[in-house]
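Chemist: Let me begin by handing over the structure; questions about it come next.
The values are calculated or read from the model by the stated rules, or taken from the named source; none is laboratory data. It should be emphasised that the depicted structure is a prediction, and the values quoted were computed from it without experimental measurement. When we count neighbours, we look across all protein chains shown, and the Cβ atoms used for this are built from the backbone with ideal geometry, even at glycine.
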Amino acid sequence: MTANPPLTATRCESRRVHEAEPAAIVRRAGADDSAALARLRWLWRTTERGEHGLSQPDFEAAFARWWAERRSRHVGFIAKRGDDAVGMAWLAVFERVPQPRHLERLAGNMQSVFVLEEFRNHGIGRRLVEAVIAEARSRGLGYLIVHPSQRAYPLYERLGFAPTNQLLHLDLDTLAATAPTE
């Protein structure tokens, strides 16, 4: 197994595609892409979000085990330029309670759409989101939700996502952190 060169990620506040797209292939990820996806996820969360925990190699191993157990419900997509992974997106598929007219009800959550800063504003993020939408449609999902960053919000709107007043959100992590101790 060859070691991959370290990738870097930094914060970017850009919003629209202004340049020609670099040659990047977006496709459904397979088991062989697990290390590259883990590396992208680790870079995003540590560099842009300032999260710390497992080392990159330990996270890659834990991520591979996690995804191996959930591959049918968590569909990964990868953007590659040559041999380098430059972006990712995920579709988390979940079952909904049956109805008398529809016993099999599925929905999706688009998660972890991320493109390395130097490859942003070239349409790669859009192509990743479009790949997730196509997968959701092919699986017959009833709806697809996303919790976009403020920067990415216009991209999702351009692709047909719309705000709704039917969804409420309770951040249990924040709630637990601010709950008074007895």
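Chemist: Give the residue, chosen from Glu69, Glu60, Glu95, that is in contact (Cβ under 8 Å) with a residue 24 or more places away in the chain and out of contact with any His (no Cβ under 7 Å at 6 or more places or on another chain).
Modeler: Working: Glu69 fails: in contact (Cβ under 8 Å) with a residue 24 or more places away in the chain; Glu95 fails: in contact (Cβ under 8 Å) with a residue 24 or more places away in the chain.
After ruling out the rest, the residue left standing is Glu60.
Chemist: Is one or more of the residues making up region 122-132 buried (at least 16 other Cβ atoms within 10 Å of the Cβ), of a type outside the set (S, T, N, Q) and not in a helix (DSSP H, G or I)? Spell out how you get there, then give the answer.
Modeler: Let us first name the residues in region 122-132 that are buried (at least 16 other Cβ atoms within 10 Å of the Cβ), namely 122-129, 131-132.
Retained after the next criterion (residues that are of a type outside the set (S, T, N, Q)): 122-129, 131-132.
Checking which are not in a helix (DSSP H, G or I) leaves us with 122-123.
Yes, region 122-132 contains a residue that is buried (at least 16 other Cβ atoms within 10 Å of the Cβ), of a type outside the set (S, T, N, Q) and not in a helix (DSSP H, G or I).
Chemist: Can you pull out the residues in region 133-154 that are in a helix (DSSP H, G or I) and in contact (Cβ under 8 Å) with a residue 40 or more places away in the chain? Steps first, please.
Modeler: First, pick out the residues of region 133-154 that are in a helix (DSSP H, G or I): 133-138, 153-154.
Listed by number, the residues that qualify are Glu135, Ala136, Pro154.
Chemist: Tell me whether region 30-45 contains one or more residues that are outside any helix (DSSP H, G or I), at pLDDT below 95 and surrounded by fewer than 18 Cβ atoms within 10 Å (Cβ to Cβ). Don't jump to the end; show me each part of the working.
Modeler: The initial filter retains those residues of region 30-45 that are outside any helix (DSSP H, G or I), namely 30.
From what is left, the residues that are at pLDDT below 95 are none.
No: region 30-45 contains no residue that is outside any helix (DSSP H, G or I), at pLDDT below 95 and surrounded by fewer than 18 Cβ atoms within 10 Å (Cβ to Cβ).
Chemist: Same structure again: From Leu155, Leu159, Leu144, grab the single residue that is within 17 Å of the chain's Cα centre (by Cα), farther than 29 Å from Gly82 by Cα, surrounded by 12 or more Cβ atoms within 10 Å (Cβ to Cβ) and among the hydrophobic types (A, V, I, L, M, F, W, C).
Modeler: On the way: Leu155 fails: farther than 29 Å from Gly82 by Cα; Leu159 fails: farther than 29 Å from Gly82 by Cα.
Answer to the selection: Leu144.
Chemist: Residues in region 50-106 that are in a strand (DSSP E or B) and not aliphatic (A, V, I, L, M): how many? Before the answer, list the steps.
Modeler: Pass one, region 50-106, residues in a strand (DSSP E or B): 74-81, 84-96, 105-106.
Next cut, not aliphatic (A, V, I, L, M) only: 74, 76-77, 80-81, 84, 87, 90, 94-96, 105.
So the answer is 12.
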